[in-house]
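This report refers to the structure that appears directly beneath it.
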């Protein structure tokens, strides 16, 4: 009787194992539409080319947001006039905003930007890692205009998961900088 009870116990424990299922290798595939650009329709002291996928939301003081609904991301653009002796503080604030994310960022490569034809000078920051923002930039003519841009997602920062969207939107930010023009006062 003990032998039968022992065999029955072993049989019960041996039959309760989960079947091993080997899953095929798969990678998440995120595809975004090819970026098509158009002139941003606004009456501000600056203009640029924006992605048609982005929804332009005008704000006060010549600021605006570009909302990307498919990626749940927003590019916040703030504008300030350069006055007497405030260019240094505007540049310092823009650099501080980018480097405030150094605590969570793995790296923050900088790319200087110069467009002599349109009188646009600035810096593009690629913030790599699980920081709150993944890219920032500033652009100025050093005399009258200053724009700062910061990209945020509506999700907890996980750089690996949002990487394809980050790369897509960084290209859009570069296009904004490259096409940025200051409107002449009439």
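Taken together, the values in this text are just the output of simple stated rules run on the coordinates, not laboratory data. Keep in mind that this is a model prediction, so the values were computed, not measured. Here the Cβ positions follow ideal geometry from the backbone for every residue, glycine too, while neighbour counts run over all protein chains shown.
Quick one: grab the alpha carbon gyration tensor of segment 34-77, order the square roots of its eigenvalues as a ≥ b ≥ c, and give me rounded if a/c is under 1.5, else prolate or oblate depending on whether a/b is larger than b/c. Oblate. Extension gain, residue 154-residue 99: 0.36 nm per intervening residue step, less the Cα-Cα distance, totals 17.7 nm.
For the chain, the longest principal axis of the Cα atoms and the long axis of helix 2-15 meet at an angle of about 20 degrees. By the count of other C-beta atoms within 10 Å, a proxy for reagent exposure, 142, 107 are ordered fewest to most as 107, 142.
Between residue 70 and residue 171, residue separation times 0.36 nm minus the direct Cα-Cα distance comes to 34.7 nm. Working from Cα positions, state the angle (0 to 90°, nearest 10) between the long axis of helix 159-179 and the longest principal axis of the chain. On a 0 to 90 degree scale, this one is about 10.
Can you work out the base-10 log of I(q)/I(0) for the chain at q = 0.09, 0.12, 0.14, 0.20 1/Å, using the Debye formula on its C-alpha atoms alone? Calculated log10 I(q)/I(0) at the listed q: -0.41, -0.62, -0.80, -1.45.
Approximating the spin labels as points 7 Å out from Cα along Cα→Cβ, the residue 84-to-residue 117 distance works out to 3.6 nm. With R₀ fixed at 45 Å, the C-beta to C-beta distance from residue 56 to residue 107 puts the FRET efficiency at about 0.90. If you take the square roots of the eigenvalues of the alpha-carbon gyration tensor of segment 22-118 and sort them as a ≥ b ≥ c, do you get rounded (a/c under 1.5), prolate (a/b over b/c) or oblate? Oblate, since a/c reaches 1.5 and b/c is not below a/b.
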